[in-house]
Structures are given as structure tokens and as C-alpha cells.
């Protein structure tokens, strides 16, 4: 079976997306529950169910590799830094915190001066904590 360059590109792009979905599923199924205060999932998979997923995912990925090889497509090694990804997410956290400051919250209704000052103090403390996390990550 012959695919043109556009079709090969589409195949590779979709397989990357599928692989990312499989990785996300692995993350969801990981035995370590999130430490987040807003839990997204309830741990309700059995160890046997987890093993079945891992086995099936491994076989599935091997079949994706074979398809790519049959079409002359090579797997590319990731060039994305984990540190850069984490720092980017921390920047997004800082932006989300900034948008909670009183000058932005006024769009949802008036704040008293005292409420605005308290909110801004709380947000500033949280932004400072995020900045410290970022600094410590970069130092190590």
C-alpha cells in the first residue's frame, strides 16, 4: 500500500494524537492519585484491570509502530523539555491568579475596598509561592 506525502503526514499526526491520548489514559490510571484539591477521578480500577490496559496499550503501540514502518515513517525522539513544560504551566497558573485580582473581579460585581485589598493580598501570596516554586525548579 502506497501513501503520498500528505497522507503519510496525516497518518503520523493522527498516530501522535492517538499516542498522546493513550499516555493521558496511562496518567489517569496511574496508581498515584492526584494531590489536587479538586479530584477529577475516583480510583476504581482493579490492579488486574490496570495490567490489562498496560498489556493492551503496549500491543496497540507496537502495531502503530509496524504501520509507521510499513509506510517508511520513522519515530522522532521528543525534543520537549519537561522543565520547560512545567515552567510553562506555572506561568499559566500565575496568569490565572493575576486574573483573580480585584481589578478583574470588579467585572463580576463591586468589591469593598477592604475585600479588594484582602483578595489582592491573598493572590499576591499565591503568586509569590508560584514564583518560588519556579525559582527552586530552575536552581536544581
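General remarks:
- Separation in nanometres of the label points that stand 7 Å from Cα toward Cβ, at residue 8 and residue 63: 2.4 nm
- Ranked by how many other Cβ atoms sit within 10 Å of their own Cβ, fewest first, the residues 37, 95, 123 fall in the order 37, 95, 123.
- Relative contact order (%) - the chain, alpha-carbon pairs under 8 angstrom, separation at least six: 23 percent
- Equivalent ellipsoid dimensions for segment 82-139 as semi-axes, Å, which come from the Cα gyration tensor, largest first: 28, 12, 4
- Computed over segment 82-139: relative contact order in percent, which uses C-alpha pairs under 8 Å that are six or more apart: 46 percent
- Each listed q (0.11, 0.13, 0.15 Å⁻¹) maps to a log10 I(q)/I(0) for the chain, found by the Debye formula over equal Cα scatterers with no solvent: -0.72, -0.88, -0.98.
- Cα pair distances in segment 37-118, grouped into 5 Å bins until the bin that holds the longest one, percent each: 3, 10, 8, 9, 10, 12, 13, 9, 6, 7, 6, 4, 2, 0
- Angle between the chain longest axis and helix 82-98 axis [Cα atoms, degrees, rounded to 10]: 30 degrees
Taken together, the values in this text are just the output of simple stated rules run on the coordinates, not laboratory data. Every value quoted in this text rests on a predicted model; they were computed, and no experiment measured them. Neighbour counts run over all protein chains shown; Cβ positions are idealised from the backbone, glycine included.
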